[in-house]
1. In region 105-122, how many residues are within 19 Å of T33 (Cβ to Cβ) and either at pLDDT below 95 or not β-branched (V, I, T) (or both)?
2. Of all residues in region 40-97 being small (G, A, S) and farther than 22 Å from Q29 by Cα, which is farthest from the chain's Cα centre (by Cα)?
3. Mind listing just one residue for me: the one in region 8-27 that is β-branched (V, I, T) and modelled with pLDDT of 95 or more and, of those, nearest to V69 (Cα to Cα)?
4. Do you know which residues across region 48-71 are assigned to a loop (DSSP other than H, G, I, E, B) and either closer than 22 Å to M166 by Cα or in contact with a Lys or Arg (Cβ under 8 Å, 6 or more places away or on another chain) (or both)?
5. Could you please give the count of residues in region 60-91 that are of a type in the set (V, I, T) and either in contact with a Phe, Trp or Tyr (Cβ under 9 Å, 6 or more places away or on another chain) or closer than 16 Å to L113 by Cα (or both)?
6. Which of the residues that make up region 90-126 are within 22 Å of M163 (Cβ to Cβ) and without any contact (Cβ under 8 Å) to a residue 40 or more places away in the chain?
7. Output the strands (runs of 3 or more DSSP E) that fall wholly within region 72-171 and possess 2 or more residues being more than 25 Å from P2 (Cβ to Cβ), or say none.
8. So which residues in region 28-46 are of a type in the set (A, V, I, L, M, F, W, C), modelled with pLDDT of 75 or more and in a loop (DSSP other than H, G, I, E, B), if there are any at all?
Amino acid sequence: MPVCIATIEDIPALLLLVNSAYRGESSKQGWTTEAHLLKGDKRTDADALMHMIQTPGTAFLKYINDAGVIEGSVFLHKKENRLYLGMLSVNPALQAKGIGKILMSAAEDFAKLTQCNSIYMTVISVRHELINWYERRGYYKTGETQPFPANDSFGVPTQHLEMVVMEKIIT
């Protein structure tokens with residue numbers, strides 16, 4: 001199976017993947033770029049990824065090709081009976097080839113395995129194409145919004161941003 005749980009040894013590859021999917025010139029090859037919304041070349045750093053991987057109740061799923069190269073990933077964090085999904089990343093040159101859908105399906109399998117009855121996430125409110133993509137996968141806007149994280153180390157907003165909370169009930 002091309003999806004498995006990432007380990008600490010995968011951090012350098014995950015770092016390259018996540019940052020290339022969201023920021024900088026390489027991100028503009030794909031449709032998930034945030035480069036027009038945030039100044040800066042990085043979405044995360046190695047220390048943040050290390051913390052995420054080592055936090056109890058979390059998993060970083062990775063999609064690997066036949067050569068063992070990580071082409072996609074998603075972060076999952078169990079919180080009570082819900083699963084938080086974040087940082088869905090696919091190599092910009094490989095977007096729209098089904099890798100994101102495979103990772104989302106694997107996240108649902110993980111939710112069921114860990115007895116979670118829903119998956120939720122936050123999405124930048126002006127990312128309409130991304131919100132629409134999640135809605136086509138059964139997620140809905142809960143009506144809740146959150147302020148955009150005020151952590152300038154991972155990008156400075158070029159406009160006012162807020163996050164919408166989306167959720168999918170897992171049956």
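1. Residues meeting the conditions: 1.
2. Of the residues in region 40-97, the ones small (G, A, S) are 40, 46, 48, 57, 59, 67-68, 72-73, 86, 89, 93, 96.
With the extra rule that they be farther than 22 Å from Q29 by Cα, the set shrinks to 46, 48, 57, 59, 67-68.
On the way: A46: 16, A48: 14, G57: 16, A59: 12, A67: 23, G68: 20 Å.
Here the residue is A67.
3. Going through the qualifying residues, I end up with I11.
4. In the first step, residues of region 48-71 are kept if they are assigned to a loop (DSSP other than H, G, I, E, B); the result is 55-57, 65-69.
Within region 48-71, G57 is the sole residue that qualifies.
5. Step one: of region 60-91, the residues of a type in the set (V, I, T) are 64, 69-70, 74, 90.
Applying the additional criterion that residues be either in contact with a Phe, Trp or Tyr (Cβ under 9 Å, 6 or more places away or on another chain) or closer than 16 Å to L113 by Cα (or both) yields 70, 74, 90.
The total comes to 3.
6. G100, M104, S125
7. Numbers: elements: 82-90, 118-124, 140-147, 162-169.
So the answer is 118-124, 140-147, 162-169.
8. L37
The values are calculated or read from the model by the stated rules, or taken from the named source; none is laboratory data. On a predicted model such as this, the values are computed, not experimentally measured, just so you know. In this analysis, Cβ positions are derived from the backbone assuming ideal geometry, glycine residues included, and neighbour counts consider all displayed protein chains.
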